[in-house]
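What follows is calculated from the coordinates using simple rules that are stated; it is not laboratory data. Note that the structure is predicted; figures quoted are calculated from it, not measured. Cβ: placed from backbone, ideal geometry, glycine included. Neighbour counts: every protein chain shown.
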Amino acid sequence: MSKLTEEIDLRRTFAIVSHPDAGKTTLTEKFLLFGGAIQTAGAVKSNKIKKTATSDFMEIEKQRGISVATSVMGFDYKGLKINILDTPGHKDFAEDTFRTLTAADSVIVVIDVAKGVEEQTEKLVAVCKMRDTPIIVFINKLDRFGKDAFDLLTEIEQKLGISVHPLSWPIGQGEEFQGVYNIYEKGLNLFSADNKQSVSDVVKIADVQSKEVDEIVGTEAADLLREELELVEVVYPQYTNEKYLEGKVSPIFFGSALNNFGIQELLDCFVRIAPKPQPKKCDTRVVSPYDEKFSGFVFKIHANMDPKHRDRIAFVKIVSGKFSRNTNYLHVRHNKKLKFSNPTAFMASKKEVVEDAFAGDIVGLYDSGNFKIGDTLTEGEKFNYSGIPSFSPEQFKYIDNADPMKTKQLNKGIDQLMDEGVAQLFTKVDNNRKIIGTVGQLQYEVIQYRLEHEYNAKCRYESMNIFKACWVTSEDEAQMKDFKLRKLHNMAKDKDGRDVFLADSRYALELAQGKYTEIEFHFTSEF
Ligand code: G4P
């Protein structure tokens, strides 16, 4: 096996996602503790934007600043090189999370046992399903009273549209929580809320029927466990690694991140089954990670908010081959060679300059404005990775120039902020006015603040009433022409000149969809 193949095979790059407060940060930290990447709990600053901070924009930016360091957390575990991609918890930054998922080879979804499947979880899993990303589900907070396990699994299957197969099973809940039975390895993992769980606490049993189980958890709980396990075998389809890797079945684990319970089992199973770096489609072919030649794409751009260092970091997922420092690479969109003297890798909470990185890894490249989200870098071949989707935004405002002397600065600022993926820009067809579309209110503040402080430009917003923006395409030219004419006041162009329909209301959208049957209405930019 070549050195390149050996290195690539060691990489496991994944994201932990959840609805805010389900326990993503706590779980991440426990993984890092197991990996020895940090020594004490609380050592990793949370990338989470606290709910209390939503009205305080600068506080949020401070927290976003922290998230540069925690954007990727690498650690070694059982000889593997593991990269956790962190994602902002705040829903107004959901687009950031969606894009980060394109750089993950697999995903662990954390669900709160009491709250079940929440809104953000649904959206995030929908994005994973678009690419058949393998998903492991971790049901957290078993130390608290929550939903019945079977009910919860049914809810997961229905709301997330995935097939599941439990690989562990809880014994009791809340006050009565005794631990979990590891279906995969036939072991009883007993709960104690002392934060010091280790594998040696797992009692190996030959069979769940054995009397030993009664002695440990009591006859009532043991009988219930046996009954439930029988049902598990009947209800859920056979688990196989192949099906998991195809994104067809999701293994389920139960535990408590805060109490460090069930975490090592999860991590051990993850390293055994999680996918290696995966091939990726570009516009000319499918690129294998083992290709000798380097290629990668930008999935995230982080601006430095410190006025003294106005640089940005472009996060590049390496798709194939080996990336080396101070080597010329082709920036395909600009058809320009670039080299990077300080590429950065991320180890837990610190950054360091690296000489080499391999397919599966993420490198941070300092950028003075060359990159936009989705850009491809190669060793010379001209191709582009597709598939960094934009989602149809949910909030819209006209953006106007508030200082006519600074038009140039304003346009440059808007352009660059859109390249970073802060929001989406549309230009109305009938009056040429610019519209900013976002997923959350916060982005408007971010844009206004940054235009002022980074570009010396001022903007003003004007509210508008739009329900949804969707991209429209059609094979039927005549119908498209008719549609565009009749809906002239609702038509806009996106940044790439594509047609966008701005529906005033759900009713207007449904009406248009019903009437113009030859037109396709797309809710993500990936079509
Ligand atoms: P997030 O990143 O998904 O938003 O969640 P985070 O890990 O920050 O956890 C949210 C809250 O849930 C935290 O409490 C955390 O301590 C708690 N938590 C996480 N795992 C468990 C668990 O297994 N059992 C119980 N009972 N609680 C858990 P907090 O009070 O909001 O924050 P903090 O002050 O503890 O940081």
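Key figures for this structure:
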quantity: Per-peptide average of other Cβ atoms within 10 Å, ordering 19-30, 441-452 highest first; calculated: 19-30, 441-452
quantity: Surrounding net charge for LEU410, when Lys and Arg each add one and Asp and Glu each subtract one, Cβ distance under 11 Å; calculated: +2
quantity: Contour minus Cα-Cα distance for ALA402 and HIS331 (0.36 nm per residue); calculated: 22.1 nm
quantity: Qualifying trypsin sites (Lys or Arg not before Pro) for the range 311-376 [loop in DSSP, other Cβ within 10 Å: at most 10]; calculated: none
quantity: Amide H partners (placed H, <5 Å) of GLU185, local residues excluded; calculated: none
quantity: Extreme residue, positive dipole direction of the chain, given options LEU511, ILE362, ALA274 (C-beta unit charges); calculated: ILE362
quantity: Two-decimal ratio, the chain, of alpha-carbon radius of gyration to 2.2 N^0.38 Å; calculated: 1.04
quantity: Pairwise label distance in nanometres, ALA126 with GLU175, each label 7 Å out on the Cα-Cβ vector; calculated: 4.0
quantity: Derived scalar couplings ³J(HN,Hα) [the range 434-440; Karplus, 6.51 cos²θ - 1.76 cosθ + 1.60; whole Hz; x for Gly, Pro]; calculated: 8, 10, 9, x, 9, 8, x
quantity: Relative contact order [Cα under 8 Å, 6+ residues apart], the chain, whole percent; calculated: 13
quantity: Descending semi-axes in Å of the range 395-522, equivalent ellipsoid built from Cα gyration tensor; calculated: 30, 14, 12
quantity: DSSP bridge orientation in the chain - percent antiparallel, rounded to nearest 5; calculated: 75
quantity: Globularity ratio of the range 280-378, using Cα Rg and 2.2 N^0.38 Å; calculated: 1.04
quantity: Estimated inter-spin distance, LYS159 and ALA478, nm [label 7 Å along Cα→Cβ]; calculated: 4.8
quantity: Simple spin-label estimate for ASP76 and LYS248 in nanometres, 7 Å along Cα-Cβ; calculated: 3.7
quantity: Neighbour net charge for LYS248 - beta-carbon separation under 14 angstrom, K R +1, D E -1; calculated: -1
quantity: Structure-based [θ]222 nm, the chain - -39500 (n - 2.57) summed over DSSP H runs of at least 4, per residue, nearest 500; calculated: -8500 deg cm²/dmol
quantity: Debye, to nearest 20: dipole size of the range 317-407, +1 on Lys, Arg Cβ, -1 on Asp, Glu Cβ; calculated: 180
quantity: Difference of contour (0.36 nm per residue) and Cα-Cα distance, GLU220 to THR284; calculated: 16.9 nm
quantity: Two-site FRET efficiency, VAL271 against LEU338, from Cβ-Cβ distance with R₀ of 60 Å, rounded to 0.05; calculated: 0.95
quantity: Values of log10 I(q)/I(0), in the order q = 0.15, 0.16, 0.22, 0.25 Å⁻¹, for the range 69-163 under a Debye, Cα-only, solvent-free model; calculated: -0.67, -0.75, -1.20, -1.33
quantity: Euclidean distance of C-alpha centroids, the range 93-167 and the range 349-371, integer Å; calculated: 29
quantity: LEU229-LEU190 FRET efficiency (beta carbon distance; Förster radius 25 Å; 0.05 resolution); calculated: 0.90
quantity: Potential extension, LEU10-ARG506 segment - 0.36 nm per residue separation minus Cα distance; calculated: 173.8 nm
quantity: Around LYS129: net Lys/Arg minus Asp/Glu count, Cβ-Cβ under 14 Å; calculated: -1
